[in-house]
Amino acid sequence: MRIDIITVLPELLKSPFEASILKRAIEKGLVEVHFHNLRDYSIGNYKQVDDYQFGGGAGMVLMIEPIDKCISQLKKEREYDEVIYMTPDGSTLNQAISNEVSLKNNLIILCGHYKGVDQRVRDLFVTREISIGDYVLSGGELAAAVLCDSIIRLLPGVLNDETSALTDTFQDNLLAPPVYTRPSEYKGSKVPEILLSGDFPKIEKWREEQAIKRTTQRRPDLLE
Ligand code: 6GU
């Protein structure tokens with residue numbers, strides 16, 4: 001997979017890719033991530049990338065021309081499966097969307113900022129719009145990092161234990177069951193006996209029951 005991220009704030013976005021699982025995925029060559037500073041595609045002497053909105057009103061809008069220049073340059077170099085625009089009015093990200101996007105080869109991710117981008121960018125270039133939840137962030141950068149993390153960890157070979165992503169919360173629309181590690185007793189608080197029993201069919205059954213119980217209590221909407 002190759003991901004090209006277009007942003008006015010590349011520095012806000014880089015550090016999540018420099019640690020832990022994402023770093024290792026990049027080092028292993030399982031994903032390439034490239035950052036493109038929109039300012040490098042700006043127009044005029046003032047390196048302008050945004051302007052006031054037609055019709056008046058507070059807030060700047062990212063202009064179509066620098067974005068077009070950047071996307072066109074990338075599309076000259078290779079084919080892209082998706083141009084994803086990060087925006088609070090996009091489809092709310094969930095595991096099903098992450099699973100689907102993780103199967104693509106080449107992605108462009110465009111980060112919104114200020115009041116967003118000129119609507120014509122969305123009409124002409126964008127294939128999918130994603131939000132990460134019903135709250136407002138200062139820009140799409142942190143949301144893009146969230147999206148990238150959720151898809152990169154699904155790529156074959158990224159997680160050490162290949163089965164690990166399959167037992168995640170939200171795969172199967174269930175929350176994950178409780179987990180414990182040593183010590184088996186801490187200040188009188190004990191690990192459930194069944195997990196120490198070595199009876200794996202029983203442990204599996206217990207975990208499933210716990211997952212259903214937790215989901216019923218916390219997220220009944222997932223069971224509908
Ligand atoms: Cl993708 N962008 C912004 N600015 N705010 C958000 C978001 C995206 N998703 C949730 N809030």
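Restricted to the stretch 21-56, and to residues there that are of a type in the set (Phe, Trp, Tyr) and in a strand (DSSP E or B), the residue that is most open to solvent (accessible area, probe 1.4 Å) is Tyr52. If you filter the stretch 138-175 down to residues that are assigned to a helix (DSSP H, G or I) and charged (D, E, K, R), you find that the one that is nearest to the ligand (Cβ to nearest atom) is Glu141.
Might you let me know whether the stretch 137-148 holds any residue that is buried (at least 18 other Cβ atoms within 10 Å of the Cβ), over 25 Å from Pro66 (Cα atoms) and of a type outside the set (A, V, I, L, M, F, W, C)? No - not one qualifying residue is present in the stretch 137-148. One residue is enough: does the stretch 84-102 have a residue meeting the conditions more than 19 Å from Arg39 (Cα to Cα) and more than 24 Å from the chain's Cα centre (by Cα)? Looking through the stretch 84-102, none of the residues is more than 19 Å from Arg39 (Cα to Cα) and more than 24 Å from the chain's Cα centre (by Cα). Considering Pro178, Pro183, the condition of being at pLDDT 95 or above, within 22 Å of Leu222 (Cα to Cα) and in a loop (DSSP other than H, G, I, E, B) is satisfied by Pro178 alone. In the stretch 200-217, is there at least one residue being assigned to a loop (DSSP other than H, G, I, E, B) and either of a type in the set (S, T, N, Q) or over 16 Å from Ser98 (Cβ atoms) (or both)? Taking every residue of the stretch 200-217 in turn, none turns out to be assigned to a loop (DSSP other than H, G, I, E, B) and either of a type in the set (S, T, N, Q) or over 16 Å from Ser98 (Cβ atoms) (or both).
The values are calculated or read from the model by the stated rules, or taken from the named source; none is laboratory data. Values in this document were obtained by computation on a predicted structure and should not be read as measured data. All Cβ positions, glycine included, derive from the backbone under ideal geometry; neighbour counts span all protein chains shown. Ligands, DNA and RNA are stripped out before the accessible areas are found, and what is left, the full protein with its side chains, is counted by its heavy atoms. Shrake-Rupley method; radii C 1.70, N 1.55, O 1.52, S 1.80 Å.
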